[in-house]
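*Asks:* Before I ask anything, let me first share the structure, which is written out below as structure tokens.
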Amino acid sequence: MNLRRILSLAWKDTLHLRHDWWLPAFMLLGGAMELLLIGWATSRPVTNLPLMVLDGDQSRASRTFVSAVMNTGTFVLEDYVRDEVAIREALARGTIYAAVIIPPGYAEQIIRGESTIAVLLNGAESIPATEALRAIEGVSSELGLAIMLERMGLDPQDVEGFLPSLRVWFNESLSEAYYTTPAELGLMMEFTVLLFAALSFSRERELGTLEQLLVMPYSRLELIVGKSIPVIAIGFIDFLLMLGVVHFFFDVPIRGSLFLLLILALGYILVELGKGMVISVVSRTQHQAFLLVLLVGMVDFMFTGYAAPVESMPAILQYLANIVPAQHWLEIVRGIMLKASDLRVLWPQIVALIVLGLFIGTFSFRYVRRALY
């Protein structure tokens, strides 16, 4: 293996990227822009959800309940209505996310220890509906506790010692950005590496220059290594750029070792590089390579635990998730950035990445060498 030939091949691909600059620019800047948009969208609490109220009691108790709901800051009052028909139409049109229906005689029901307030949620929008449910449940719990203490003749200060001491670790403000942006960071790096690796040989084949490379004095190993160097460089630069966005724009901390994170990021790039190289030699055109990357990336996305916790999946899917490198990588990213995890904690994920990397790399190297003959 000749180092000079490898570097010349890597430089050739780098020059090609300079002429075809829009693709690396799109991947690098596109990933950073996506992180910015997702971070801005998720770093703020859910507020201003349109709410309709049907107050059939028109009493002080009903107005107190509505005021408490509005004071949560989650809702903005859309309208007071006189019948349920308007509420059903608004829910069907999607103009409101929640509705509160207070029946006649609500004040008397509270005195008798009863309550029949109805809350309707727009379940078609699960995230706003969940936030609306939490807000209304919180109001109901507080008012219920106040009514109970009043009946027992107790002062609220007398029961403060019975309230739990709540402490949130790793994400004290419960910011959604602490969860979403590190995950997006890991997933966008996977897509970047997969795409650039998948285009390495498929581009040469589509342009008709692959045969010229094969007849030049390069060994198959030199071709693979030379094609891999620009992919590794771009993938690592992309990771550094997005890590800066996550840390400096959204104040997501890096509580663990930055050096360990960078080393493991480089190792993860090598794992995904093997998958991308297989896609590259399988694809006949760049369009096919892009579609295969999209397919593989979406499958990996479903098993990372980002959309749904892996623990809540059926047992067979949990076993399948263990063979997806991205799932272990996201645990490493969150562990180092949020929990200051070190090798003593992360060794299962690191060992899993090493094993998967050796298997994928060996298969990829043998398959690519054979496909290039």
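The values are calculated or read from the model by the stated rules, or taken from the named source; none is laboratory data. Because the structure is a prediction, the values reported are computed rather than measured. When we count neighbours, we look across all protein chains shown, and the Cβ atoms used for this are built from the backbone with ideal geometry, even at glycine. Side chains are part of the model used for accessible areas, which takes the heavy atoms of the whole protein and leaves out ligands, DNA and RNA. Shrake-Rupley method; radii C 1.70, N 1.55, O 1.52, S 1.80 Å.
*Asks:* Y106: aromatic (F, W, Y), modelled with pLDDT under 85 and open to solvent by less than 60 Å² (accessible area, probe 1.4 Å), yes or no?
*Replies:* Taking the combined requirement at face value, the residue satisfies it.
*Asks:* Restricting region 343-371 to residues that are modelled with pLDDT under 90 and surrounded by fewer than 15 Cβ atoms within 10 Å (Cβ to Cβ), which is nearest to A198 (Cα to Cα)?
*Replies:* Filtering first and then ranking leaves A371.
*Asks:* Same structure, new question: Those residues that are assigned to a loop (DSSP other than H, G, I, E, B) and without any contact (Cβ under 8 Å) to a residue 12 or more places away in the chain, I need them from region 73-112; list them, please.
*Replies:* Once the filter is applied, which keeps residues that are assigned to a loop (DSSP other than H, G, I, E, B) and without any contact (Cβ under 8 Å) to a residue 12 or more places away in the chain, region 73-112 yields only R112.
*Asks:* Ok, one more. Kindly indicate which of P45, P128 is open to solvent by less than 30 Å² (accessible area, probe 1.4 Å) and not polar (S, T, N, Q).
*Replies:* The unique qualifying residue is P128.
*Asks:* Applying the selection to region 176-199, what residues are part of a helix (DSSP H, G or I), of a type in the set (D, E, K, R) and more than 9 Å from the chain's Cα centre (by Cα)?
*Replies:* E190
*Asks:* Which one of the conditions (1) farther than 30 Å from V231 by Cβ; (2) open to solvent by 60 Å² or more (accessible area, probe 1.4 Å) does A68 fail to meet, given that it meets all the rest?
*Replies:* (2)
*Asks:* Please find, among L292, L264, L221, L317, the residue that is open to solvent by 10 Å² or more (accessible area, probe 1.4 Å), touching a residue at least 60 places away in the same chain (Cβ under 8 Å), under 23 Å from L346 (Cα atoms) and not hydroxyl-bearing (S, T, Y).
*Replies:* Step by step, each of L292, L264, L221, L317 is checked, and only L264 is open to solvent by 10 Å² or more (accessible area, probe 1.4 Å), touching a residue at least 60 places away in the same chain (Cβ under 8 Å), under 23 Å from L346 (Cα atoms) and not hydroxyl-bearing (S, T, Y).
*Asks:* Is it the case that region 209-216 has a residue that's part of a helix (DSSP H, G or I) and buried (at least 20 other Cβ atoms within 10 Å of the Cβ)?
*Replies:* Scanning region 209-216, I find no residue that is part of a helix (DSSP H, G or I) and buried (at least 20 other Cβ atoms within 10 Å of the Cβ), so the answer is no.
*Asks:* Out of (1) open to solvent by 30 Å² or more (accessible area, probe 1.4 Å); (2) under 30 Å from R44 (Cβ atoms); (3) part of a helix (DSSP H, G or I), what's the single condition that is false for R255?
*Replies:* Unmet condition: (3).
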